[in-house]
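Only one structure is covered here, and it is reproduced in the block below.
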Amino acid sequence: MTADSALDLDALRSRVARAVDDVRASAPLAPAITNAITMDFVANAQLAVGGSAAMVYLPEEAVALAQAGGAFYVNMGALLPTHRESIPAAARACRDLGRPWVLDPVGIGIGGLRGAVLDELAACGPAIVRANASEVIALAQAWGAADAVAGTGRVRGVDSADAVDDAARAAAALARRTDGAVAVSGEDDLVTDGRVAVRVAGGSPLMARVTGFGCSLGGVAAVYAAVADPLTAAVAASAHYAAAGTAAEARAAGPASFKVAFIDALFNLTAAEIAANPLTIEEVRS
């Protein structure tokens, strides 16, 4: 962090724009293990930003696609018995290959299966954790990254009981624990690598009225992780979503038309428009 934060912000915007261009030039494959409720949205969002999508259930296929892709996405929502093996297998393959992967710990704390899987994932170092505030707090505590933190870390189903600011310390600690980035989704997103924190404004309240926006954001973060460092990838994904949400709201009559307009906006926004989305950057104080 230099004394002139504006220079850092300019450099970050340049990296975001370059990541957008690189994705659209190379169409990186970012396979996913994600829940059946939002699988269609995840895949279409990955395609709309310029990536390539592949959905998988079985352990051997998860490993094969982890080997083939540029990055991998794991979403813990609506777990099936096969995920007990396929999720850790994919994460271990990425770790062993030095390949980035993105974790969305949806519903952490609900049932023993999620806890057992997340215990195994702790040793696999996700490049990006994308979650709501309560999930970030709960994961930081589960992985020994944070003890005394603000907020409750309790989820209401898949919804957060905490505000983004409540998770700021836990997010920074978790990012240092994983040596990656953590993206906390909310009215304004917070993205941190444990050293700097980036606030991403924009978006639309209609995002909360359609299922799958958080899940698909994780899939898009994986697309960007295939071409950029974790912090840049997470900021690029959040900025792309925020800018698309702002653009889609202006054309939508309600949640259904908003989702259609949003996917169109993901596709049509330029790299310069995405990088120009409102961002602020600050140093993390331990």
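The values are calculated or read from the model by the stated rules, or taken from the named source; none is laboratory data. As the structure is a computational prediction, the values presented were derived from the model and not from experiment. Backbone-built Cβ (ideal geometry, glycine too); neighbour counts: all protein chains shown.
As for region 211-228, it holds no residue that is part of a strand (DSSP E or B), out of contact with any Leu (no Cβ under 7 Å at 6 or more places or on another chain) and either closer than 21 Å to residue 173 by Cβ or without any contact (Cβ under 8 Å) to a residue 40 or more places away in the chain (or both).
Of all the residues in region 271-286, those that are exposed (fewer than 13 other Cβ atoms within 10 Å of the Cβ) and under 20 Å from residue 25 (Cβ atoms) number 1.
Results for (1) under 12 Å from residue 20 (Cα atoms); (2) under 21 Å from the mean Cα position of the chain (by Cα); (3) not hydrophobic (A, V, I, L, M, F, W, C), shown as yes or no for each residue.
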position	(1), (2), (3)
221	yes, yes, no
227	yes, yes, no
236	yes, yes, no
246	no, yes, yes
254	no, no, yes
263	no, yes, no
269	yes, yes, no
273	yes, yes, yes
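Checking the conditions here, which among 16, 106, 102, 42 is closer than 30 Å to residue 278 by Cα and touching a His at 6+ places or on another chain (Cβ under 9 Å)? Exactly one residue qualifies, and that residue is 16. Scanning region 241-256 for residues that are assigned to a helix (DSSP H, G or I) and not hydrophobic (A, V, I, L, M, F, W, C) returns 241, 245, 246, 249, 255.
Can you tell me how many residues within region 23-62 are part of a helix (DSSP H, G or I) and out of contact with any Phe, Trp or Tyr (no Cβ under 9 Å at 6 or more places or on another chain)? Write out each step before concluding.
Within region 23-62, the subset part of a helix (DSSP H, G or I) is 23-26, 39-49, 59-62.
Those still in the list that are out of contact with any Phe, Trp or Tyr (no Cβ under 9 Å at 6 or more places or on another chain) too: 24-26, 39-40, 43-44, 59-61.
The total comes to 10.
So, in region 150-178, of the ones that are of a type in the set (Val, Ile, Thr) and at pLDDT 55 or above, which residue ends up surrounded by the most Cβ atoms within 10 Å (Cβ to Cβ)? Per the stated criteria, the residue is 178.
Does region 69-80 contain any residue that is polar (S, T, N, Q) and surrounded by 19 or more Cβ atoms within 10 Å (Cβ to Cβ)?
Looking for residues that are polar (S, T, N, Q) and surrounded by 19 or more Cβ atoms within 10 Å (Cβ to Cβ), one finds at least one in region 69-80, hence yes.
Out of all the residues in region 23-50, which are surrounded by fewer than 19 Cβ atoms within 10 Å (Cβ to Cβ) and either closer than 17 Å to residue 99 by Cβ or hydrophobic (A, V, I, L, M, F, W, C) (or both)? Within region 23-50, 25, 26, 27, 36, 37, 47 meet the criteria. Flag set for residue 84, criterion: in a helix (DSSP H, G or I) and basic (Lys, Arg). Inside region 238-260, residues that are of a type in the set (A, V, I, L, M), crowded, with 20+ Cβ neighbours inside 10 Å and over 27 Å from residue 170 (Cα atoms) make up a count of 3. Residues of region 245-268 being among the small types (Gly, Ala, Ser), out of contact with any Gly (no Cβ under 9 Å at 6 or more places or on another chain) and more than 16 Å from residue 38 (Cβ to Cβ), which ones? Across region 245-268, the qualifying residues are 247, 248, 250, 252, 253, 254, 257, 261. Inside region 104-123, residues that are touching a Ser or Thr at 6+ places or on another chain (Cβ under 9 Å) and either among the basic types (Lys, Arg) or closer than 22 Å to residue 232 by Cα (or both) make up a count of 1. Report yes if residue 125 is under 18 Å from residue 172 (Cα atoms), part of a loop (DSSP other than H, G, I, E, B) and touching a Gly at 6+ places or on another chain (Cβ under 9 Å), otherwise no. Criteria met by residue 125.
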